[in-house]
Amino acid sequence: MANEMTRALMQEMGAPLVLGCEAIPTPGPGEVLIRVFACGVCHSDLHIVDGDWGLPPKLPLIPGHEVVGEVVSYGPDTTGPAVGAVVGVAWNGGACGHCRACLEGDETICRESEGTGFSRDGGYADYIVARAAFVAELPKDIDAARFAPVLCAGVTTYRGLKRAQLRPGAYVAVIGCGGLGQMAVQYARAMGFRPIAVDLDAGKLELATRLGAVATVKGDVADLPAELRAIAGDAGLRAAIVVAPALSAFTAAIAAISPGGAVIFIALPAKDRDTLPVSISTLANFEKRLIGSNVGTRADLLEAVELALTAGILADVETLPLAEANTALDRLRRGQVPGRLVLTT
Ligand SMILES: [Zn+2]
Ligand SMILES: [Zn+2]
């Protein structure tokens, strides 16, 4: 039917998504209706669908927060990109705009923040409704599938690297070279750093080298911190961005960074209960910095998009039709994804 759309719906936690049709949603005040071209499949989607997080999503839910599409119509009293504009929709789907965090430019930690594909319906569908003020306009000729991962994997790693406040030329270990890691390598290069890629998988390390890693290390070497320190030499390992959800990756990163260096915490373990033993005196005496980073603000998104367009950052992707959403999640669950899976409509 003309006013219906196909979507993959999460009805309960821990169950496969249900593919079916429903009415195309109507944008409310401040919202736009977007026809979806492509939506990346992020590891967070898997956590949400599997019910791994302490905080449950809204149900039923259409997942997906790496969306590229075209503006179709507006809700009442709404301004934003013109009808026909190509836009990106990211995880950051809304914030109050007036709390202390928002005023200080940290809408990522606003208590009323809305998550696309979590507390708002996402992009595993033909159409999505988004808050007009939270979409990013993109060039019309963008490669939607290859650009979609910039909207989560890209902005997330960009903000993390930015928060570490590194100098040009800094060595940065990228620990984990899946969907986020391959973007972290590209952003690190574009920002003037020297990324060292770490992963267990030789194929992912090859990809990282193609994307600009200056060196690679197998993640299961006997002494990962020593290997990383040896590569960085006198310049020191100024930061490690951890996008592999393993406790050992975080501990190795803390041990590997030079005095004054930073570990950027991005990967989320499958269960919220994981905690980290850290030497207090090492942190204090050597001024090591542990930095949490949560996706990105609208300003981060604009910067990440502009840098991607300037530096030619694109994801290495494999596309699947929307109807294969469960297959995509299964493959991610089994770790059988070399780059990023993207659903296309
Ligand atoms: Zn994501
Ligand atoms: Zn707020």
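Just so you know, all these numbers are worked out from the coordinates, no wet-lab data involved. Since the model is a prediction, treat every value here as computed from it, not as a measurement. Cβ sites come from the backbone with ideal geometry, for glycine too, and all protein chains shown count toward neighbours.
Here the stretch 168-190 is scanned for amide nitrogen atoms under 14 Å from the site 7 Å beyond the Cα of Leu200 along Cα-to-Cβ, giving 176-178. The phi-based Karplus calculation (6.51 cos²θ - 1.76 cosθ + 1.60; θ = phi - 60°) puts the 3J(HN,Hα) values of the stretch 116-130 at 5, x, 9, 9, 10, 5, x, x, 7, 6, 6, 9, 9, 9, 10 Hz, whole numbers, x for Gly and Pro. Between the amide H of Gly261 and those of Arg289, distances stay under 5 Å, these residues lying 5 or more places away or on another chain, with hydrogens modeled in the peptide plane. A straight Cα-to-Cα reach below 18 Å connects Lys162 with the lysines Lys288, residues fewer than 8 places away in its own chain not being considered.
Of the GluC sites (Glu not before Pro) in the stretch 242-345, the ones in a loop by DSSP (not H, G, I, E or B) with at most 16 other beta carbons within 10 Å are Glu287. For the pair Cys99 and Gln336, the difference between a 0.36 nm per residue extended length and the Cα-Cα distance amounts to 81.2 nm.
Annotation: aspartates and glutamates with alpha-carbon distance below 18 angstrom to Lys204 (same-chain offsets under eight excluded): Asp220, Asp316, Glu318. Summing Cβ point charges (Lys, Arg +1; Asp, Glu -1) relative to the Cα centre of the chain gives a dipole of roughly 860 debye.
In order along the stretch 35-44, the phi-based Karplus estimate (6.51 cos²θ - 1.76 cosθ + 1.60, θ = phi - 60°) of 3J(HN,Hα) comes to 7, 7, 8, 8, 9, x, 9, 9, 4, 5 Hz; Gly and Pro are listed as x.
Translational diffusion of the stretch 154-292, estimated by Stokes-Einstein from the Kirkwood radius over alpha carbon pairs at 25 °C in a medium of 0.890 mPa s, is 170 µm² per second. Note on the stretch 54-132: with charges restricted to the Cβ of Lys and Arg (+1) and Asp and Glu (-1), its dipole about the Cα centre is near 180 debye. Once C-alpha pairs closer than 8 Å and six or more residues apart are averaged by separation and normalised to the residue number of the chain, the relative contact order reads 19 percent. Residue-wise HN-Hα couplings along the stretch 9-24, as the Karplus relation 6.51 cos²θ - 1.76 cosθ + 1.60 with θ = phi - 60° gives them from phi, are 10, 8, 9, 8, 6, x, 10, x, 5, 9, 7, x, 10, 8, 5, 4 Hz; Gly and Pro carry x.
With a Förster radius of 22 Å applied to the beta-carbon distance between Thr282 and Ala246, the computed FRET efficiency rounds to 0.60.
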